[in-house]
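Just below is one structure, and these are the notes that go with it.
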Amino acid sequence: MNETLDLYLRAHTVVLDQAKKRTRRETTNALSKLPKWPDYAVVFGCESRTGITQELTFGFYRILKLNGDSYVLEEEGGFFDDDLPLDERKLLGAYFRIAVSDKTSFPPNFPRLSRSDFIRGVFYRYARQGALLVGFPLPPRNSSRSRQLMHSTKRPFADITIPR
């Protein structure tokens, strides 16, 4: 027998500043200068707590390089919250020690990074190069917790978001 379950979605709206209106020709010229597909793609997934703050616990990432008409795996690894409790960090550490990457290498390599190291060493590095960035599920950018962390001076890399 099929069971019917309710589906709850959360959506947040963002009011954008009115940008200068471009003519159709200016928009077409600007878009035509961009490459159709970036040379690199960074794909990452995050796991978070189930509470209202939805704090990051850990995540995994893949760096893909464009080769012809498809992306090929260059590197993959994992990252964890900088403030993750020690017992949870040990549990993740045990997994990372036995995790096998889909990227064949000798010796096997499956990087384990803190969130800060992932942001600085992987995310921002490739974002500055114009890489395709794909994240799921991401924390809502304009939630009160995200706003609070983004404006924090103590933790400048608190969320995985690119400042405007």
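None of the figures in this text is laboratory data; all of them are computed from the coordinates on show. All values reported here derive from a predicted model rather than from experimental measurement. Every residue, glycine as well, gets a Cβ built from its backbone with ideal geometry; the counts of neighbours run over all protein chains shown.
Here are the numbers for the structure shown:
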| item | result |
| --- | --- |
| Within segment 62-85, backbone nitrogen closer than 14 Å to the virtual label 7 Å beyond the Cα of L132 toward Cβ | 62-74 |
| Nearby aspartates and glutamates by direct alpha-carbon distance to K65 (threshold 14 angstrom, same-chain neighbours under 8 apart not counted) | D39, E74, E75, E76 |
| Computed label-point distance, nm, for sites S48 and A94 using a 7 Å Cα→Cβ extension | 2.8 |
| Per residue convex hull volume, Cα atoms of segment 87-130, in Å³ | 92 |
| Net charge of Cβ neighbours under 14 Å - reference V72; Lys, Arg +1; Asp, Glu -1 | -3 |
